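Trainee: My structure is below; once you've seen it, I'll send some questions.
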Amino acid sequence: YASLYQISPKDTSLSLAIVSLMVHFRWSWVGLILPDDHKGNKIVSDFREEMERKDICLAFVKMTSETWTSYVAKFWENMDETNVTIIYGDIDSLEGLMRNIGQRLLTWNVWIMNIEHHVIDRADYFMLDSFHGSLIFKHHYRENFEFTKFIQTVNPNKYPEDIYLPKLWYFFFKCSFSDTNCHVLENCQTNASLDVFPRHIFDGSMSDESRSIYNGVYAVAHSLHEMRLQQLQMQ
């Protein structure tokens, strides 16, 4: 299983923490893969600066775009120059790359990432996964108890207007749809909960991206609530 190193976002950046790991294991010849965008260019600058201070050399730096498959053959050149590779970015910009690495079954590399790769389709036998044993760094946040409770208690019966939950229950819990309505389930476990699944199947914790979405929706909901209250008071 992958190891998770959780770092406080206010204390130390992930890039500095990753370089500290390089120093600890005396990995002085490493590769770096990042998305080819503004954020990627900023991160590669941070990595170069800190690695130079710690006498760590870059075997290669590869910047990938969302359409990177157009030069996929060229991308893999020089990849065998090191067996320690850092992948740093977000899942939206690196999804194609992660899928391709998974298909290649690259067992000769140590991967250090800030992405939890189990959000990508995984092989049934995780020991054959290219990313098995990866070292994953992520920011540490306080647990959101309201969201955790929601994950533990949510089900299609509780939210009948949600068209996504029945499909999720059908896929995860092998429920069956009724003949007349694709939103009504039959033969379901009474205690079925998303909270029972291991993280590589369903991860109920929040990533940086999901936390931003959650906070955004929460802010909109509160704003609409306040607007509604003001309308009622005026009436």
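The values are calculated or read from the model by the stated rules, or taken from the named source; none is laboratory data. Keep in mind the model is a prediction, meaning the values are calculated, not measured. No Cβ is skipped: glycine too gets one built from the backbone with ideal geometry, and neighbour counts run over all protein chains shown. Surface areas here come from the heavy atoms of the whole protein model, side chains and all, with no ligands, DNA or RNA. Shrake-Rupley method; radii C 1.70, N 1.55, O 1.52, S 1.80 Å.
Trainee: Out of the residues in the stretch 195-209 that are assigned to a helix (DSSP H, G or I) and at pLDDT below 75, state the one that is least open to solvent (accessible area, probe 1.4 Å).
Mentor: Checking each candidate, the answer is Asp208.
Trainee: If a residue must be open to solvent by 80 Å² or more (accessible area, probe 1.4 Å), closer than 16 Å to Val23 by Cβ and either at pLDDT below 90 or touching a Leu at 6+ places or on another chain (Cβ under 8 Å) (or both), how many such residues does the stretch 53-71 contain?
Mentor: The qualifying residues number 0.
Trainee: Any residue in the stretch 176-192 that is out of contact with any strand residue (DSSP E or B) (no Cβ under 8 Å at 6 or more places or on another chain), at pLDDT below 70 and open to solvent by 100 Å² or more (accessible area, probe 1.4 Å)?
Mentor: Taking every residue of the stretch 176-192 in turn, at least one turns out to be out of contact with any strand residue (DSSP E or B) (no Cβ under 8 Å at 6 or more places or on another chain), at pLDDT below 70 and open to solvent by 100 Å² or more (accessible area, probe 1.4 Å).
Trainee: On to the next question. Looking at the structure I just gave you, is Glu50 acidic (Asp, Glu) and either open to solvent by less than 30 Å² (accessible area, probe 1.4 Å) or in contact with a Lys or Arg (Cβ under 7 Å, 6 or more places away or on another chain) (or both)?
Mentor: Numbers: acidic (Asp, Glu): yes; either open to solvent by less than 30 Å² (accessible area, probe 1.4 Å) or in contact with a Lys or Arg (Cβ under 7 Å, 6 or more places away or on another chain) (or both): yes.
When the stated conditions are applied, Glu50 passes them.
Trainee: Identify, by number, the condition in (1) in a helix (DSSP H, G or I); (2) within 28 Å of the chain's Cα centre (by Cα); (3) at pLDDT 85 or above that Tyr159 doesn't meet.
Mentor: So Tyr159 meets the others, but not (1).
Trainee: Write out, first by first residue and then by second, each pair whose Cβ atoms fall under 9 Å of each other, whose residues are 6+ apart or on separate chains, and whose first residue, in the stretch 146-172, is within 12 Å of Cys188 (Cα to Cα) while the second is of a type in the set (Val, Ile, Thr).
Mentor: Here the result reads Pro156/Val184; Pro166/Val184; Phe172/Ile201, each pair linking the stretch 146-172 to a residue that is of a type in the set (Val, Ile, Thr).
Trainee: Okay, moving on. Run down Ile43, Ile18 and say which single residue is modelled with pLDDT under 90, in a helix (DSSP H, G or I), open to solvent by less than 90 Å² (accessible area, probe 1.4 Å) and within 19 Å of Ser134 (Cβ to Cβ).
Mentor: That would be Ile43, the only listed residue that is modelled with pLDDT under 90, in a helix (DSSP H, G or I), open to solvent by less than 90 Å² (accessible area, probe 1.4 Å) and within 19 Å of Ser134 (Cβ to Cβ).
Trainee: Within the stretch 85-111, track down each residue that is of a type in the set (D, E, K, R) and over 21 Å from Asp37 (Cβ atoms). If you could, list the steps in order and put the result at the bottom.
Mentor: Start the filter on the stretch 85-111 by keeping residues that are of a type in the set (D, E, K, R), which leaves 90, 92, 95, 99, 104.
Within the stretch 85-111, just Arg104 meets the criteria.
Trainee: Any residue in the stretch 48-57 that is out of contact with any Gly (no Cβ under 6 Å at 6 or more places or on another chain) and assigned to a strand (DSSP E or B)? Reasoning before the result, please.
Mentor: The initial filter retains those residues of the stretch 48-57 that are out of contact with any Gly (no Cβ under 6 Å at 6 or more places or on another chain), namely 48-57.
Next, only the ones that are assigned to a strand (DSSP E or B) stay: 57.
Checked against the condition, which is being out of contact with any Gly (no Cβ under 6 Å at 6 or more places or on another chain) and assigned to a strand (DSSP E or B), the stretch 48-57 yields at least one hit.
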